[in-house]
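Asks: There's a structure below that I have some questions on.
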Amino acid sequence: MSYRQADLGMEPFLAYTSATREVQMRAAPVIDTSRYAAELRKTGVEPKQAEGMARVLNDELAARVLTKADLDERLLPIHRELTQLSTRLDAIEVKSDSQYEATTARFESLTTHFNSTNASLDMKFETKLDALDVKFETKLDALNEKFDTKFNSRPSSPRSTPSSRY
């Protein structure tokens, strides 16, 4: 087991303790040993030695090389976990979308309520302001009448008229 696999808590991809046991478990050789041995014989290597070299090379490669089947076997749990994570993320997304829509609807409801309340308050304010304006105008008219009555009903003294001063 490599130090990296130990750190990750993973079992090793291949058992390095028994290369021959590992080779026996494989259905197909990693290399074409007969072709490799034939090539070695063409270069002058003795037939028995070429076959032995091909077998040893195949055994060594088989013990250390990952095949597609090995990789598929190791990736299957990861694929399952990713599928589960994807499903969980989809559920979280649906829940998040639902919460967003509920929040948006609540916000729109509050906005409508605020606008309604604001319009109602504006109307009350305008009504009160109009009533105060009428009351003010009425009092101002009454004061103007008193003023006019008080100052227009007195006889004018010669000093108070503008033309007598000159």
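Asks: Hey, does segment 136-150 have a residue that's farther than 30 Å from Val30 by Cβ, at pLDDT below 95 and exposed (fewer than 10 other Cβ atoms within 10 Å of the Cβ)?
Replies: Scanning segment 136-150, I find at least one residue that is farther than 30 Å from Val30 by Cβ, at pLDDT below 95 and exposed (fewer than 10 other Cβ atoms within 10 Å of the Cβ), so the answer is yes.
Asks: Additional query: Considering only residues of segment 66-89 that are assigned to a helix (DSSP H, G or I) and at pLDDT below 90, which is nearest to the chain's Cα centre (by Cα)?
Replies: Leu71
Asks: Can you tell which of Ala37, Ala63 is surrounded by 13 or more Cβ atoms within 10 Å (Cβ to Cβ) and at pLDDT below 85?
Replies: After applying the criteria, what remains is Ala63.
The values are calculated or read from the model by the stated rules, or taken from the named source; none is laboratory data. On a predicted model such as this, the values are computed, not experimentally measured, just so you know. Using ideal geometry, Cβ is built from the backbone for each residue, glycine included, and neighbour counts are taken over all protein chains shown.
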